[in-house]
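Below: one structure, written as structure tokens.
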Amino acid sequence: MAEAVTDALAADTPIVTMTVADVRREIDDAATRKRATGVAVPAAGRARVALVPTLGALHAGHLALVDRAAEIADIVVVSIFVNPLQFNDPADLERYPRDLEGDLRTLAGHGVDIVFAPLVDELYPHGDSQTRVTAGRVGTLFEGRSRPGHFDGVLTVVAKLINAVGPQRILFGQKDAQQVFLVSQMIADLNMPVSVEVVETVRDSDELALSSRNRFLDARERRAALTLPHMLEAAESAADRGIDAVLAAAQSAAMGEALVSVDYLAVVHPETFLPVDDDYRGPARAIVAARVGDTRLIDNTPLYLG
């Protein structure tokens with residue numbers, strides 16, 4: 001399957017691997033291939049490897065991660081895997097878009113060496129993994145409250161991908177702020193020899209954060225989805241007046257939009273990802289999630305509470 005997909009696409013697309021053994025072998029071979037073309041790359045085992053984990057359905061936000069990976073590493077690996085452990089709703093798992101050929105075309109020319117696109121049986125050969133990484137208290141809040149077990153599934157698959165690929169850097173987008181926090185915490189707590197590189201949220205011209213789920217919005221819902229960045233803009237404008245003013249301003253920006261149902265709005269401390277106290281002053285992050293029609297979206301922005 002991998003060969004057929006690769007042969008059908010242009011020569012500047014990455015090599016596709018579907019097993020852990022194959023991705024490890026291709027990483028070992030990538031430095032040799034690059035040196036043969038005159039690129040100064042250290043020998044296998046010393047080359048800097050960056051991993052960009054994705055669920056596929058790639059867009060410009062993913063490409064920002066990929067482009068940054070190409071700047072900081074000798075070998076860039078993008079994983080494409082719709083991880084069943086992080087979907088608590090079977091219908092949501094089934095609905096999630098899958099288009100490997102389209103993703104490979106999107107990646108062409110962006111310096112990706114290898115795409116790791118395993119089947120479910122490759123990463124979970126015995127069915128649901130009996131050993132899982134648990135996300136702790138923060139994993140039960142916000143996204144974790146709305147999607148029980150989601151972050152345990154995320155951390156488990158990220159740990160498996162790190163073990164399979166062996167990167168020195170792993171890249172995530174700031175749009176998924178809670179995920180970034182929990183992955184960073186897992187890596188620190190488990191002494192994993194990899195560092196997290198965070199890339200700022202990529203937005204469309206109207207300031208809507210790019211998301212694979214945006215494709216599910218019709219024209220009216222797409223306009224309504226701008227409520228999320230408008231809420232965050234309102235929060236920023238009120239930050240010098242404290243937490244109560246921030247929350248009131250953001251909530252006011254959401255009023256009157258019938259297509260938007262806010263799931264949560266909170267201001268969290270960057271070092272704990274827990275809600276800040278009423279009298280807190282200093283750096284923070286406003287986070288929001290809402291359902292727009294049938295599509296659930298998230299967004300966030302940094303604040304400095306004065």
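The table for this structure:
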read-out: Residue that is nearest to the chain's Cα centre (by Cα) [pool: residues in the range 266-306 that are among the hydrophobic types (A, V, I, L, M, F, W, C) and more than 22 Å from residue 135 (Cα to Cα)]; value: 290
read-out: Complete set of residues in the range 55-68 that are farther than 15 Å from residue 198 by Cβ and crowded, with 22+ Cβ neighbours inside 10 Å; value: 58
read-out: Residue check, residue 206 touching a helix residue (DSSP H, G or I) at 6+ places or on another chain (Cβ under 9 Å) and not hydrophobic (A, V, I, L, M, F, W, C); value: yes
read-out: Criterion: open to solvent by less than 30 Å² (accessible area, probe 1.4 Å) and in contact (Cβ under 8 Å) with a residue 60 or more places away in the chain - qualifying residue of 80, 27; value: 27
read-out: Unmet requirement for residue 71, which otherwise passes all of (1) open to solvent by 40 Å² or more (accessible area, probe 1.4 Å); (2) closer than 16 Å to residue 152 by Cα; (3) out of contact with any helix residue (DSSP H, G or I) (no Cβ under 7 Å at 6 or more places or on another chain); value: (2)
read-out: Hits in the range 245-285 (condition: under 14 Å from residue 301 (Cα atoms) and among the basic types (Lys, Arg)); value: 285
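Every residue, every condition in (1) more than 24 Å from residue 56 (Cβ to Cβ); (2) crowded, with 17+ Cβ neighbours inside 10 Å; (3) modelled with pLDDT under 95; (4) not β-branched (Val, Ile, Thr), yes or no:
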| residue | (1), (2), (3), (4) |
| --- | --- |
| 180 | no, yes, no, no |
| 210 | no, yes, no, yes |
| 231 | yes, yes, no, yes |
| 246 | yes, yes, no, no |
| 283 | yes, no, no, yes |
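The values are calculated or read from the model by the stated rules, or taken from the named source; none is laboratory data. Here the structure is a predicted model, which means the values were calculated and not measured. No Cβ is skipped: glycine too gets one built from the backbone with ideal geometry, and neighbour counts run over all protein chains shown. Calculation scope for accessible area: heavy atoms of the full protein, side chains included, ligands and nucleic acids excluded. Shrake-Rupley method; radii C 1.70, N 1.55, O 1.52, S 1.80 Å.
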